[in-house]
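This report concerns only the one structure given below.
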Amino acid sequence: MEIRELTKEIRDKSIEYAKPKELDSLSASWYQEDLLYSGKGKTIFLILPTPGCSWALGPSGGCTMCSYISDCYLKPIENSKIIELFEKELSKWDYKEDYENGDKIAIKLFASGSFLNPEEVPKEARDYVLKKLANMEEISEIVVESRPEYVKEEVLDEIFDIIGDKLFEISIGLETSNEETRLNKINKGFNNKTFEKAINLIKEYKSKHNIKSKAYIFVKPILLSEQEAITEAIETASYCEDLGVDRVSCCPATIHRGTLIERLWRRGSYNPPWIWSTIEVINTIRQNVKIPALMDTSGFGSRRGPYNCKKCNKELKHRIIDSNFDQSQIEYDCECKKEWMAEVKFSDLNKSKTPIKHLPLY
Ligand code: SF4
Ligand SMILES: [Zn+2]
């Protein structure tokens, strides 16, 4: 079975079995220390309620590792409701006091898809949110996420007309610079040219606006060995730097429910990366590129996330979080490192040389 059909089939099933959602439960927020463009500061992370990612809801079935759709409403949402929930989340945090004490404050708006796609975040709601943030002197950086095809001149013009000279970062899930992996293993549906077009447009806007770009790098897509996953992630960061991306953020795989990655994991054909691999990736990227490189640690040490051994999981997670602030190298040792080294060394040995046409599931 081909990847799209299979992803679509799994997605449809998970949507069919999903319990109806209460709209009020679909927004969320948290507030914590973070690395801003201006240095160490605080960020409000805010999830806006949306109908869901158009790519995942469309005929492609979406990306093989992502289940954001299961936290979405799946139906259109009134602008007034989006605004109400945005206000509710924003009012939870005491960023004003931190600002008065000299902290820099950023906000990251998550739309579980593309903030710049008006079918996911309608223009009226987007304008309201941006106007509100534009008028808040405490907020100096606004970060959103989007697929590259929605990074368009008219949208950027509309945004900068509202936010003026505040810093605006667009984070794009590039996942990998390897097109074969992106198209046929992640089912991402866009090629390098589309990504490059978006980054070039952002670069053009730099002459008149305070705009930045970030690329997410997905560490260990399905059907890659541990070694291949490490190599691809490292190469992707260099590709991003060469293109003029402002920073990269690595996201190691965790097993989301109702995804193709979960199906392969349940059948023993896939494991998230070792934490050692994520350290190898981030240390090497930081040696190779000059732009800031972050490593996400969500799910580290859990059954469905990157894993080493019980002795070192927690410690390494903390060391990675600390290193994100000062961009330092992570030096550490544990007995389990030998096992990881053997897996990395031998993981390609018994791999078939026949190119994968059909997924090894049926
Ligand atoms: S990774 Fe992004 S583009 Fe892919 S399905 Fe998830 S939200 Fe949509
Ligand atoms: Zn260990």
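The values are calculated or read from the model by the stated rules, or taken from the named source; none is laboratory data. The structure presented is a predicted model; accordingly, all values stated were derived computationally and were not measured. Note: ideal-geometry Cβ built from the backbone for every residue, glycine included; neighbour counts use all protein chains shown.
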Select, from Pro360, Pro355, Pro306, the only residue that is at negative phi, of a type outside the set (Lys, Arg) and at pLDDT 95 or above. Pro306
Can you find a residue that is more than 13 Å from ligand 1 (Cβ to nearest atom), more than 16 Å from the chain's Cα centre (by Cα) and more than 30 Å from Met136 (Cβ to Cβ) anywhere in segment 205-217? no
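If you go through segment 90-103 one residue at a time, do you hit one that is basic (Lys, Arg) and either under 18 Å from Thr50 (Cβ atoms) or surrounded by 15 or more Cβ atoms within 10 Å (Cβ to Cβ) (or both)? I'd like the intermediate steps shown before the answer.
To start, the set of residues in segment 90-103 that are basic (Lys, Arg) comprises 92, 96.
Imposing the further condition that a residue be either under 18 Å from Thr50 (Cβ atoms) or surrounded by 15 or more Cβ atoms within 10 Å (Cβ to Cβ) (or both) reduces the set to none.
No: zero hits.
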If you scan segment 271-285, which residues turn out to be outside any helix (DSSP H, G or I) and either free of Cβ contacts under 8 Å to residues at least 24 places away in the same chain or surrounded by fewer than 21 Cβ atoms within 10 Å (Cβ to Cβ) (or both)? Asn271
Subset of segment 22-69 [of a type in the set (S, T, N, Q) and either crowded, with 19+ Cβ neighbours inside 10 Å or touching a residue at least 60 places away in the same chain (Cβ under 8 Å) (or both)]: Ser27, Ser29, Ser38, Thr43, Thr50, Ser54, Ser60, Thr64, Ser67
Considering Ser80, Ser70, Ser112, which residue is in a loop (DSSP other than H, G, I, E, B) and either out of contact with any strand residue (DSSP E or B) (no Cβ under 8 Å at 6 or more places or on another chain) or at pLDDT 95 or above (or both)? Ser112
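Condition first: part of a helix (DSSP H, G or I) and within 16 Å of ligand 1 (Cβ to nearest atom). Can you find one or more residues in segment 16-25 that meet it?
First, pick out the residues of segment 16-25 that are part of a helix (DSSP H, G or I): 16-17, 23-25.
Then keep just the ones that are within 16 Å of ligand 1 (Cβ to nearest atom); that gives none.
No - not one qualifying residue is present in segment 16-25.
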State the number of residues belonging to segment 307-343 that are within 15 Å of ligand 2 (Cβ to nearest atom) and out of contact with any Ser or Thr (no Cβ under 6 Å at 6 or more places or on another chain). 25
All but one of (1) at pLDDT 95 or above; (2) assigned to a loop (DSSP other than H, G, I, E, B); (3) in contact with a Leu (Cβ under 8 Å, 6 or more places away or on another chain) hold for Phe325, so report the exception by its number. (2)
